[in-house]
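See below for the structure under consideration.
The values are calculated or read from the model by the stated rules, or taken from the named source; none is laboratory data. Values in this document were obtained by computation on a predicted structure and should not be read as measured data. FYI the Cβ positions are ideal-geometry reconstructions off the backbone, even for glycines, and counts take in every protein chain you see.
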Amino acid sequence: MAKKQYAIIGMGRFGSSVATALTDMGFDVLAIDSNEQRIQEISNIVTHAVSANSTDEDALRALGIRNFEVVVVAIGQDIQSSILTTLILKDLGIPTLIVKAQNELHGKVLQKIGADKVIFPERDMGLRVAHHLTSPNILDYIELSDDYSIVEMKVSDVMIGKNLKELDVRARFGCNVMAIKTGAKMNISPNANQPLDKEDVLVILGQKDDLIKLELAFSE
């Protein structure tokens with residue numbers, strides 16, 4: 001089975017970090033940016049790196065962009081280029097189109113013109129930092145939608161030695177423990193009767209308000 005191929009347009013901090021992470025995970029990545037220097041910087045990391053204007057439909061066609069299953073538009077401050085690039089890619093029939101938005105209005109426009117997923121890196125990072133600051137046990141915070149999020153929570157002192165059945169987070173907080181991470185090992189079918197260890201990390205899905213209640217209840 002062929003590896004999934006990704007094209008990332010825009011090699012700013014966000015775009016280059018996504019391109020690097022996907023490459024490290026073993027995927028084929030095409031990096032595109034109109035800035036030659038940025039392409040030079042990323043060229044030794046990704047599979048292919050090309051300097052091109054993403055608002056030029058002919059240029060994108062020449063790159064074979066339609067062969068890519070997923071395209072990420074990570075264009076920085078130029079909202080007009082972001083929108084035009086998204087329109088062109090949608091018209092070319094890209095199966096999955098993920099676009100970075102600068103703000104809520106930009107995001108709404110992207111959704112209306114057909115972006116499959118709109119992401120807000122700056123806003124999301126702000127949420128993560130806020131959760132890290134307010135709850136020392138929260139290792140990561142991922143917003144899935146306006147209502148639901150996933151948190152990675154270190155087992156706190158009050159959790160050590162207790163099992164999932166005793167903690168009963170579903171009944172108490174309406175949240176679901178999806179997995180337990182111990183070091184590099186991920187257990188996606190955790191035993192409800194297995195006592196938790198201080199090295200364990202819980203991966204929990206829930207509504208935002210419920211997750212906040214859970215964080216406060218189990219904070220050290």
- Determine whether segment 72-81 contains at least one residue that is of a type in the set (Val, Ile, Thr) and either farther than 23 Å from GLU122 by Cβ or surrounded by fewer than 15 Cβ atoms within 10 Å (Cβ to Cβ) (or both). no
- Message: For segment 144-218, give me every one of the strands (runs of 3 or more DSSP E) that falls completely inside it and has 3 or more residues that are in contact with a Ser or Thr (Cβ under 6 Å, 6 or more places away or on another chain) and acidic (Asp, Glu).
- Response: none
- Of all residues in segment 181-195, count the ones that are surrounded by 13 or more Cβ atoms within 10 Å (Cβ to Cβ) and touching a helix residue (DSSP H, G or I) at 6+ places or on another chain (Cβ under 8 Å). 2
- Query: Tally time: how many residues in segment 49-65 are within 25 Å of MET25 (Cα to Cα) and surrounded by fewer than 14 Cβ atoms within 10 Å (Cβ to Cβ)?
  - Reply: 1
- Quick one: VAL72 ticks every box in (1) of a type outside the set (Gly, Ala, Ser); (2) at pLDDT below 90; (3) in contact with a Phe, Trp or Tyr (Cβ under 8 Å, 6 or more places away or on another chain) bar one, so which box is it? (2)
- Tell me, which residue of segment 16-46 that is touching a helix residue (DSSP H, G or I) at 6+ places or on another chain (Cβ under 7 Å) and over 25 Å from ILE79 (Cα atoms) is surrounded by the fewest Cβ atoms within 10 Å (Cβ to Cβ)? ILE45
- Message: Quick check on LEU30: is it without any contact (Cβ under 8 Å) to a residue 40 or more places away in the chain, closer than 20 Å to ILE88 by Cβ and in the same structural domain as LYS100 (by the TED database)?
- Response: yes
- Item | From the options VAL169, VAL203, residue that is modelled with pLDDT of 90 or more and farther than 30 Å from GLY107 by Cβ | VAL169
